[in-house]
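Data first, discussion second: the structure below is written as structure tokens.
The values are calculated or read from the model by the stated rules, or taken from the named source; none is laboratory data. Quick caveat: nothing in here was measured; it's all calculated off a predicted structure. Cβ atoms come from the backbone with ideal geometry, glycine included; neighbour counts cover every protein chain shown.
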Amino acid sequence: MIVPQENCIKPETVLSKGMFHSLFSKNLVLVPQLNEVYELALAYYESKILTEAELVQNGAYFARVGNQFTDHYLMCTGESVRLPRHSSSRLKSFFIKNQFRTGYASHGLFPYRGKFHPQMIKALINVMGLKQGDTVLDPMMGSGTVPVEASLMGIKSIGLDASPFCSFMTQVKFNALTLPIQPLDQALKKTEKIFEYFTHVTGRFDSCGKIAKASNPGAKIVIHESTTTPDPSHTDQLADLIGTDKSEVLDFLLLAYLDSVGYSERSKRKSPFIQFQAILERYVFVVKKIQHVLENSKSDIAASKILTGDARSMELDDQSMDGIIFSPPYSFAINYLENDAFHLNFMGVNIDQLKETMVGLRGKTIKEKYKLYIEDMDRVLSECVRVLKPACFCTIIIGTNNNQLSKALGVPKEQVRGLHKIIIDLALSHGFSHIRTLSRQISGIANTMRNEYIVILKRQHD
């Protein structure tokens with residue numbers, strides 16, 4: 001049947017309205033750089049779940065509500081991360097293109113492979129219905145994106161990780177939101193002496209940029225449960241340099257030094273000291289910028305409890321969490337212990353023993369690794385359903401690699417079920433219901449995993 005010409009919708013009629021006006025009310029303006037389908041979906045869910053006041057305060061994908069700029073937009077605008085002049089064009093381009101996704105607040109302290117986009121975590125906290133006063137758990141927190149982001153939103157959090165270094169790193173990022181500025185300014189004036197101090201304590205660089213034996217093995221800072229406990233006989237000098245002996249400030253300087261160690265091992269373009277100087281400048285800039293934004297924000301920093309522990313057996317009360325967000329380790333893509341070897345050795349951690357508590361690293365062959373990974377994830381999901389309140393949400397962000405899964409399962413690649421589907425089946429067996437799955441592309445490790453999946457689950461009523 002031929003439709004009469006007068007009943008046809010003209011292209012210009014559709015194009016002039018725009019897709020965004022069909023999805024969102026006219027008083028909502030999206031942030032720049034929103035260019036993936038999953039981001040548009042999360043923005044749509046935020047617009048339907050949050051009030052306009054909540055969008056201004058905690059919205060992740062909106063720049064403006066009416067005439068009012070959102071806190072997220074204000075937090076991300078301007079110079080996001082102060083990179084040193086010798087930074088690669090690729091690194092500079094990354095932060096420019098991801099200005100609203102990552103690097104803002106204290107998330108930019110210490111690069112960590114497999115790290116969440118904080119903007120995505122903010123949106124997920126929103127669409128899960130979490131409000132101020134609620135508590136969200138990340139049982140595999142890695143670099144601490146969930147605890148830091150939740151705290152900025154006024155939502156309490158508990159972060160847990162098997163790695164003591166991850167606990168230390170997360171605590172420093174959380175503390176950075178309220179650090180005193182004056183000692184940091186003093187540190188910038190005495191960078192060389194601070195670098196000499198840490199080199200004396202942790203070890204010195206040899207001609208290849210690696211870490212040689214410590215020049216004074218008796219002088220060390222012992223890190224326990226995410227807090228450094230300085231030996232007074234060795235830290236008085238550092239305290240005198242910056243005018244304070246507060247552990248939060250000393251931890252901050254130590255993380256900057258450890259960051260420079262890792263960078264110097266990866267790149268020989270600049271001397272270790274130049275690396276440390278540039279990284280410390282960037283760290284202090286990050287602290288000053290986020291604290292300036294928070295001064296004008298109506299949100300208070302919510303409490304966060306950072307713990308070292310095993311996600312398979314959590315020391316948390318039954319039905320005590322209002323929400324859970326986590327990403328299981330990319331067991332077939334990233335060896336986190338290898339990446340953090342220097343930091344863990346410095347902390348006195350037995351890496352072989354730690355390996356036995358790290359989900360995804362146990363086992364020798366790929367088949368054994370897969371078998372133990374599934375067993376461990378089954379235990380983790382059992383713990384998640386135990387600590388989560390009824391009718392609350394658990395979101396899992398998980399990557400998949402069909403090539404390696406085909407080897408582990410002994411089946412052709414085209415017959416492999418994605419790891420996210422396998423995890424969903426495990427979750428269903430523990431009393432979760434599957435609400436939605438969103439797909440997003442991975443750019444940082446695309447040669448190993450091309451996609452990851454945001455799996456939103458809900459704990460059923462008892």
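Return the total of residues in the range 16-68 being under 25 Å from residue 442 (Cβ atoms), in a helix (DSSP H, G or I) and not hydroxyl-bearing (Ser, Thr, Tyr). The number of residues fulfilling the criteria is 7.
Name, by its number, the condition in (1) under 21 Å from residue 259 (Cβ atoms); (2) modelled with pLDDT of 75 or more; (3) in a helix (DSSP H, G or I) that does not hold for residue 109. Condition (3) is where residue 109 drops out.
Output the residue which, of all residues in the range 235-272 that are modelled with pLDDT under 85 and buried (at least 16 other Cβ atoms within 10 Å of the Cβ), is farthest from residue 199 (Cα to Cα). Ranking the qualifying residues of the range 235-272, first place goes to 270.
Residues in the range 295-313 that are part of a loop (DSSP other than H, G, I, E, B) and more than 18 Å from the chain's Cα centre (by Cα): 296, 297, 298, 299, 300, 310, 312, 313.
Here's the yes/no breakdown for (1) polar (S, T, N, Q); (2) at pLDDT 95 or above; (3) part of a loop (DSSP other than H, G, I, E, B); (4) in the same structural domain as residue 124 (by TED's automatic domain parsing):
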residue: 404; (1), (2), (3), (4): yes, no, no, yes
residue: 417; (1), (2), (3), (4): no, no, yes, yes
residue: 422; (1), (2), (3), (4): no, no, no, yes
residue: 425; (1), (2), (3), (4): no, yes, no, yes
residue: 428; (1), (2), (3), (4): no, yes, no, yes
residue: 437; (1), (2), (3), (4): yes, yes, no, yes
residue: 440; (1), (2), (3), (4): no, no, no, yes
residue: 448; (1), (2), (3), (4): yes, no, yes, yes
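In the range 108-126, the qualifying residues are those that are aliphatic (A, V, I, L, M) and touching a Lys or Arg at 6+ places or on another chain (Cβ under 9 Å), and the one that is farthest from residue 41 (Cα to Cα) is 109.
Counting just the residues of the range 132-162 that are assigned to a loop (DSSP other than H, G, I, E, B) and out of contact with any helix residue (DSSP H, G or I) (no Cβ under 7 Å at 6 or more places or on another chain), which one comes out surrounded by the fewest Cβ atoms within 10 Å (Cβ to Cβ)?
The residue in question is 133.
Entry remark, the range 164-175: residues being surrounded by fewer than 24 Cβ atoms within 10 Å (Cβ to Cβ) and touching a Phe, Trp or Tyr at 6+ places or on another chain (Cβ under 8 Å) number 1 in total. Taken over the range 340-379, the criterion of being within 29 Å of residue 260 (Cβ to Cβ) and among the basic types (Lys, Arg) is satisfied by 355 alone.
Here the helices (runs of 4 or more DSSP H) wholly within the range 314-401 that include at least 2 residues being within 29 Å of residue 439 (Cβ to Cβ) are 336-339, 366-387. The listed residues are 382, 433, 439, 429, and the only one of them that is hydroxyl-bearing (Ser, Thr, Tyr), over 24 Å from residue 158 (Cα atoms) and more than 19 Å from the chain's Cα centre (by Cα) turns out to be 429. Quickly run through the range 284-333 and pick out the residues that are surrounded by fewer than 19 Cβ atoms within 10 Å (Cβ to Cβ), modelled with pLDDT under 90 and within 23 Å of residue 424 (Cβ to Cβ). Across the range 284-333, the qualifying residue is only 333.
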